[in-house]
Amino acid sequence: GINSSCDDSLSRDVVGVVEVSIASDVAVLRELKALKRIDRMDFSYAYIASMAVSTRVRRQGLATELLRCAEVQALAWREPHMALYVYQDNSPAVQLYLRYGLDSVWSDPSWRKALGSRPRFLMHKDLRPQLQQLLDTESEGKVTEIAGEPDGM
């Protein structure tokens, strides 16, 4: 079976990998701001640079789990947005990302294909609701912790 933990310490064989980082590409930010996808004050986002799953374990939910782990990392970094580029002709990946909740928000101009480049989609997921829930949960935990402390008497 597939280990569903985001912790790699239990894995013996690498069957999938996702690379996520904090990015601040001006073109991506400009596009997301123009579409009112992100706030004017947002200067970075979690960027999925690459993802791969071994052919022997495909169609078992691992790619979805890798996306979930990338989202967990983005939230740990307090990044309210996640973005990635995907080739337009990679239909299985495009469908996976759409099912996971990413929206296609931009596409390369058609002339890229005429020049021999593979056109891409820019895809985005708004993590603000999950981030707010995380922050609220943390605040409630601190309030409970403070309320439960002895008053020193």
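Just so it is clear, none of the values below were taken in a lab; they were calculated from the coordinates. A quick note: this is a predicted structure, and the numbers were derived from the prediction, not measured. Positions of Cβ are backbone-derived with ideal geometry, glycine not excepted, and every protein chain shown enters the neighbour counts.
For region 7-66, the set of chymotrypsin sites (Phe, Trp or Tyr not before Pro) satisfying both a DSSP loop assignment and a count of at most 12 other C-beta atoms within 10 Å is given as Phe43. Applying the Kirkwood pairwise sum to the alpha-carbon positions of region 16-137 produces a hydrodynamic radius of 15.1 angstrom. Put a plus charge on the Cβ of each Lys and Arg, a minus charge on the Cβ of each Asp and Glu, and nothing anywhere else: the dipole of region 16-137 about its Cα centre is then about 360 debye. The relative contact order of the chain comes to 20 percent, based on Cα pairs under 8 Å that sit 6 or more residues apart. When you filter the trypsin sites (Lys or Arg not before Pro) in region 28-87 for DSSP loop state and at most 16 other Cβ atoms inside 10 Å of their Cβ, you are left with Lys36, Arg40, Arg58, Arg59, Arg78. Each label was represented as a point 7 Å from its Cα along the Cα-to-Cβ direction; for Asp39 and Cys6 these points are 2.1 nm apart.
For region 78-87, putting each phi into the Karplus relation 6.51 cos²θ - 1.76 cosθ + 1.60 with θ = phi - 60° gives couplings of 6, 8, x, 9, 10, 9, 7, 9, 9, 5 Hz, in residue order, rounded to whole numbers and with x for Gly and Pro.
Rounded to the nearest 10 degrees, the angle from helix 91-100 to the longest Cα principal axis of the chain is 20 degrees.
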